[in-house]
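Before any comments, here is the structure.
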Amino acid sequence: MGSPKKNLRLVEDKNKPNRDELNSKIDVAYSIRRLKPYEVVESRGSEQVLRGDKAFKLDWNESTITPSPKALSAIQSFVSGNGGLNWYPSLGSRSLADSLSEYTQLPAENILVTAGSDAALQLICDSYLDTNDEVVVPVPTYNHFLVFAQSRGVRLISIQPNDPFRVDFDLLESTLSNRTRLVYLVSPNNPTGTIFTAAQIEQLCTDFPRTLFVVDEAYFEFAQITAISLVTTFKNLLVTRTFSKAFGLAGLRIGYLAAHRTLIDGLSKIYNPKSVSTLSQIGAEAALGDLDYLNKYLDEVSQSKTILLDYFRSIGTDAFSTPANFIVVRLPQIEETLSKLSAESIYIRNRSNYPGLADCARMSVGNVEQTRALIEKLNRIF
Ligand SMILES: Cc1ncc(COP(=O)(O)O)c(C=O)c1O
């Protein structure tokens, strides 16, 4: 009997690829061949902020302050105790789903916790979209969703209202038909802040019962306008949310979706119940237990928005408010202006190549103290 090592070598020799095989490239799946790799845009300024340098990281719509101390200490005590990182997380995040049930006023069975709302959006696309399905998206929008949808080989129909800062409901309704499989609506929209009211979502779900409506409420907390209570009535509505924005937990990658039980059953076919890390579940649950901290931050952002908008208008710069934690500004010679801002460690996001947003940039809004310091710096630039 030969040694296992000898046997292994024999098998290798037999299957040795020829030169052609070695040189051939294994292509990606057919449905994603025409996609370009997602452009990874650097998130700037975080290292400077962590070093304690005066930098304004306003490019990714994140919270500008640290998360609730209760979330931090829950994570710290888990890590420093004998918490059980050697085990898989609580499957399906049951305890967090119960807290979310209280927060959303929905039964826990209507909630699915995911690794960020991106994972919720991807799960929806993977579960409910097939090749050639028609997907309708008002633009400009949160572009990452388009990647998830296109990876399913769908036919994407984007609709662009004349005014990017207003919802064109008639245009939307007139684009939809029985053939429309899914509609993606962001409310408040990133980057324009447009809102769909619950009444509008109800109308859409009623008028097009064969179409799935995905309402992305990543910025819900700032706007306090939601369609979430409709998910127990409508079997064609999904609402996604996140802890990345108002709760300040973007680094943990945690979000959730709410939907009718029948839709959740469909998603459960490929949902990975151990995909949300233990630390994320613990941090999110503790953050939900500190709504005073959340509300104080929401109040600060709202005040800051007024201060910042007044400032831009006072210097004659077009500035568009949104109900979320960001505003949009129109900057002449945008590239040059953004370089000047970066040189002063002010990082905002160029959105001038988005439909209808020529010369526009989006910037996050921080708390009042940060906003006053920002304006002081902006005054030296503009
Ligand atoms: C509209 C919208 N949806 C989803 C996301 C992604 O959120 P998450 O961090 O929960 O994946 C973002 C992030 O910018 C967003 O703007």
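The values are calculated or read from the model by the stated rules, or taken from the named source; none is laboratory data. These numbers come from a predicted model, not from an experiment. Every residue, glycine among them, receives a Cβ derived from its backbone with ideal geometry; neighbour counts consider all protein chains shown.
Filter the stretch 87-123 down to the residues that are away from the ligand (no atom under 12 Å from the Cβ) and among the hydrophobic types (A, V, I, L, M, F, W, C) and list them by number.
Passing the criteria: 87, 91, 96, 97, 100, 106, 108, 111, 112.
Of these, 303, 370, 281, which one is within 30 Å of residue 88 (Cα to Cα) and at pLDDT 95 or above?
Being within 30 Å of residue 88 (Cα to Cα) and at pLDDT 95 or above holds for just one of 303, 370, 281, which is 281.
With 127, 73, 93 as the choices, which residue is of a type in the set (Gly, Ala, Ser), buried (at least 19 other Cβ atoms within 10 Å of the Cβ) and in contact (Cβ under 8 Å) with a residue 12 or more places away in the chain?
93
Here is a list of conditions, (1) more than 18 Å from residue 123 (Cα to Cα); (2) crowded, with 24+ Cβ neighbours inside 10 Å; (3) away from the ligand (no atom under 15 Å from the Cβ), and residue 220 meets all of them except one; can you say which number that is?
Every condition holds for residue 220 apart from (3).
Condition check ((1) within 16 Å of the ligand (Cβ to nearest atom); (2) in contact (Cβ under 8 Å) with a residue 40 or more places away in the chain; (3) not in a helix (DSSP H, G or I)) across all residues:
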site	(1), (2), (3)
239	yes, no, yes
246	yes, yes, yes
256	yes, yes, yes
262	no, no, no
266	no, yes, no
272	yes, no, yes
276	yes, yes, yes
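Name the residue, out of 187, 158, 177, that is surrounded by fewer than 16 Cβ atoms within 10 Å (Cβ to Cβ), within 16 Å of the ligand (Cβ to nearest atom) and of a type in the set (Ser, Thr, Tyr).
Only one candidate qualifies: 158.
Test residue 78 against the criterion of being away from the ligand (no atom under 16 Å from the Cβ), under 22 Å from residue 191 (Cα atoms) and aromatic (Phe, Trp, Tyr), and give yes or no.
No, not satisfied.
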